[in-house]
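The values are calculated or read from the model by the stated rules, or taken from the named source; none is laboratory data. In this text, all values refer to a predicted model and were calculated from it rather than measured experimentally. Quick reminder, even Gly has a Cβ in these numbers, built from the backbone with ideal geometry, and neighbours come from all protein chains shown. Only protein heavy atoms, including side chains, enter the accessible area calculation; ligands, DNA and RNA are left aside. Shrake-Rupley method; radii C 1.70, N 1.55, O 1.52, S 1.80 Å.
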Amino acid sequence: MFHWDVVGHYLFSGLFLGAAWITLWISVVAQTCGVIIGLFLSLMRLSRFPFLSWPARFYVWIFRGSPLLVQILILYFGIPEIFPSLVPYITVYSAALIAFSLNEGAYMSEIIRAGITSVDAGQMEAAKSLGMRFSLAMRRIVLPQAARVIIPPLGNEFNNMLKTTSLASVIGLFELTYTAQVYGSQSFIIFELLIVATFYYLILTTLWGYIQNWIENRMDPDRETKAELQAKKGWSERMFGFGPTRTSDAGTLVSRGR
Amino acid sequence: MSIEKSVDNGAVLTDEMVRAESIVKRFGHLTVLDGVDLFVKRKQVVVIIGPSGSGKTTLLRCINHLEKIDSGRIFIEGQLVGYREVNGRVVEDKEATIAHMRSQIGFVFQRFNLFPHLTALENVIEAPIHVLHQSKAEVTERAMELLRKVGLSEKAHVYPHKLSGGQQQRVAIARALAMNPKLMLFDEATSALDPELVGDVLKVMRQLAEEGMTMVVVTHEMGFARDVADHIIFMDKAVIVEQGTPEQIFDHAENERTRTFLGMIL
């Protein structure tokens, strides 16, 4: 017997709002760390020195080649056994954060590497011919251009991350999934609470979808032109791709900028 | 006998700008420069011509160390380029030293290589601000001056993809000039342009030459070479075949290969 009233009762409860908050901040922190780790790994990987590129390859091989679930378990249960002095530092939070960050770093390094190699080699040469050193040229010239290639898959990664945090339930982190499991199994309302958890996952990923769209639009060099075209379309055409084209001059508002 | 930088600094007092001695450059088994010498005086315009694959672009790229060389030496104002001598052995210079040397040499690429995420003006002010650490206001003023000089002041806030090839190349020249270079290198600056856009770029290069800029120009524009060059170098198959004044090369070439090449192109 499924109890819709239980779903309603828990839907906006402090319990699940708190769990959603944990899911969110773990995702944001882990993704941020993953991007930073990935940036360094990708630069190492692209280096012509083998003592830099090989460790990076090895890292990616390890973390992409083994299940994240196993990595979490090793970090939480295995590391304290191998290094007893680390016991006070390994909490459910730190273990989950470190595991997600390290794992994400491996995936991000491949994405960032693809972004960097997508930038024409002439850009680095031009920067160097102007007296820029490698690091400055990377920062000011190459990475800003690589970002356009990196941002869309990065958005996917973060969407994934929001859901992947559920794996931390195996070590007892009270994010959405574990909260639903624990409170659900106590009073036989597990499916009801999983529905609630799903609701929150959908809220988070949908909101992120909007943010991602906004970021990608902002990075589009032709956004002014496109904004003008968009403004001329009716809502149905914008949403579904067909519908009456408005004849009003709504576009002029946008084109006046700059 | 070792060549110390300090010993050669005497060149600063002379009118020597570039001196390349028996440059050898190989790509794998292919020798692209086979013992090439080059001498460029201050305020001189040296034009390098020759069939494609003759090594002219590589020679130009070696001058600011975009290519490493396998043997030989290149000096700019008596300073060894890209390398230094340690206990009689030649090793590659530190990145900072190479970067500093490059900051004094303008390079114009065949494919322009403008920074597409920056406007024309931002392209020009980028390096003076972040490499020379000059104030933005001062650099911007000078950059606008340069854009005016290349005839593009009204395009200052336009992104490169909205500019024609000729306009992009002129922005690229302004970008190089913003560093106040003592030497400008042009690598087939007009080869990627539609014929009707070549003239504007050549005009800017001509003007630079008239102002006394030291230039090394790799080009297929024989009219430009004849009018502007002080010295012409004809390269073929990794070596310099013949060199001299435009009259000597264009009207009284002694070498058969030079005559054949000019016969095909003129």
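Residue A:163 versus residue A:21, label points 7 Å from Cα toward the beta carbon: distance in nm?
Placing both labels 7 Å along Cα→Cβ, they lie 2.6 nm apart.
How large is Rg/Rh for the range A:106-188, to two decimals, with Cα atoms and a Kirkwood Rh?
On the Cα set of the range A:106-188, Rg over Rh gives 1.33.
If only Cα atoms are counted, what is the Rg of the range B:12-166, and what is its Dmax, in Å?
According to the Cα coordinates of the range B:12-166, Rg and Dmax are 18.1, 55 Å.
How shielded is A:114-124 by partner chains, expressed as the average number of their Cβ atoms within 10 Å of its Cβ atoms?
Going residue by residue through A:114-124 and averaging, the value is 2.
Counting each DSSP H run of 4 or more residues in chain B as -39500 (n - 2.57), what helix-only mean residue ellipticity at 222 nm follows after dividing by all residues, to the nearest 500 deg cm²/dmol? Mind dumping the intermediate values first?
On the way: 10 runs with 97 residues, N = 266.
Value at 222 nm, helices only: -10500 deg cm²/dmol.
Just the accessible area for residue B:245, please: 1.4 Å probe, Å², rounded to the nearest 10?
Surface accessible to solvent at residue B:245 totals approximately 50 Å².
How many lysine pairs in the range B:1-142, separated by 8 or more positions in sequence or lying on different chains, have Cα atoms less than 29 Å apart?
Lysine pair count for the range B:1-142: 21.
Using a Gaussian network for chain A with springs between C-alpha atoms less than 10 Å apart, which of these wobbles most: A:175, A:125, A:216?
A:125
Extending each Cα 7 Å along its Cβ direction at residue A:170 and residue A:3, get the distance between those two points in nm, one decimal.
3.1
What FRET efficiency comes out for residue B:210 versus residue B:247 if R0 is 22 angstrom and r is the Cβ-Cβ distance? Round to the nearest 0.05.
Calculated value: 0.65.
Taking a 1.4 Å probe, which of B:108, A:149, A:6 shows the most accessible area, and what order do the others take after it? Don't jump to the answer; show the numbers that get you there.
Details: B:108 0, A:149 65, A:6 25 Å².
Largest accessible area first, the residues go A:149, A:6, B:108.
Under a point-charge model restricted to the Cβ atoms of Lys and Arg (+1) and Asp and Glu (-1), what is the dipole moment magnitude of the range B:70-151 relative to its Cα centre, in debye to the nearest 20?
On the way: 10 positive and 11 negative charges, 27 e Å.
Roughly 120 debye for the range B:70-151.
If we count chymotrypsin sites (Phe, Trp or Tyr not before Pro) as exposed when they sit in a DSSP loop and have at most 16 other beta carbons within 10 Å, what is the longest stretch of chain A that avoids them all?
With chymotrypsin sites (Phe, Trp or Tyr not before Pro) excluded where exposed in loops, chain A gives A:13-187 as its longest stretch.
Any chance you could run the full-extension gain for residue A:91 through residue A:52? It's 0.36 nm times the residue separation minus the Cα-Cα distance, nm to one decimal.
This chain segment gains 10.9 nm when fully extended.
Before we go on, tell me the buried accessible area for the A/B pair, both chains summed, 1.4 Å probe, in Å² to the nearest 100.
Result for this pair: about 2000 Å² buried.
Aspartates and glutamates within cross-link reach of residue B:149: Cα-Cα under 16 Å, excluding same-chain residues under 8 positions apart?
Of all the aspartates and glutamates, those that pass the test against residue B:149 - Cα under 16 Å, at least 8 places apart if same chain - are B:141, B:200, B:210, B:211.
Give the residue from B:207, B:222, B:266 lying farthest towards the positive end of the charge dipole for the range B:142-266; charges sit on Cβ (+1 for Lys and Arg, -1 for Asp and Glu) and the dipole is referred to the Cα centre.
The residue sitting farthest along the positive end of the dipole is B:207.
Please state the equivalent ellipsoid semi-axes for the protein assembly as shown: what are the square roots of 5 times the Cα gyration tensor eigenvalues, largest first, in whole Å?
Semi-axis lengths for the protein assembly as shown are 59, 31, 18 Å.
If the only charges are +1 at each Lys and Arg Cβ and -1 at each Asp and Glu Cβ, what is the size of the charge dipole of chain B around the Cα centre, to the nearest 20 debye?
The calculated dipole for chain B is roughly 560 debye.
Between the range A:1-74 and the range B:129-203, how many Å separate their Cα centres?
First find each Cα centre; the distance between them is then 45 Å.
Could you check how many percent of all C-alpha pairs in the range B:123-225 are farther apart than 19 Å?
Summing the P(r) tail past 19 Å for the range B:123-225 gives 42 percent.
What full-extension length gain, to one decimal in nm, is calculated for residue B:94 and residue B:15 as 0.36 nm per residue of separation minus the Cα-Cα distance? Could you put the intermediate results ahead of the total?
On the way: separation 79, 0.36 × 79 = 28.44 nm, distance 2.71 nm.
That works out to 25.7 nm of additional length.
What FRET efficiency do you get for residue B:39 and residue B:226 if R0 is 22 Å and r is their Cβ-Cβ distance, rounded to the nearest 0.05?
0.60
Take residue B:52 and residue B:31, extend 7 Å from each Cα along the Cα→Cβ direction, and tell me the distance between the two endpoints in nm.
For the pair residue B:52/residue B:31, the computed spacing is 2.5 nm.
With charges set only on the Cβ (+1 for Lys and Arg, -1 for Asp and Glu), what does the dipole of the protein assembly as shown come to about its Cα centre, in debye to the nearest 20?
Roughly 580 debye, rounded to the nearest 20.
Given R₀ = 45 Å, FRET efficiency for residue B:136-residue B:84 by Cβ-Cβ distance, to 0.05? Walk me through the numbers on the way to the answer.
Values: r = 34 Å, r/R0 = 0.76.
E(calc), rounded to 0.05, equals 0.85.
Over the range B:70-156, average the accessible area per residue using a 1.4 Å probe and give it in Å², no decimals.
I get 45 Å² per residue for this part.
Across peptide A:142-151, what mean number of C-beta atoms from other chains lies inside 10 Å of a residue's C-beta?
1
Would you work out what percent of the accessible area of the protein assembly as shown, with all protein chains in place, is carbon or sulfur (probe 1.4 Å)?
So the carbon and sulfur contribution to the accessible surface is 59 percent.
Stokes-Einstein diffusion coefficient for chain B at 25 °C in a medium of 0.890 mPa s, Rh from the Kirkwood formula over Cα pairs: what value in µm²/s?
Taking Rh from Cα pairs, D becomes 127 µm²/s.
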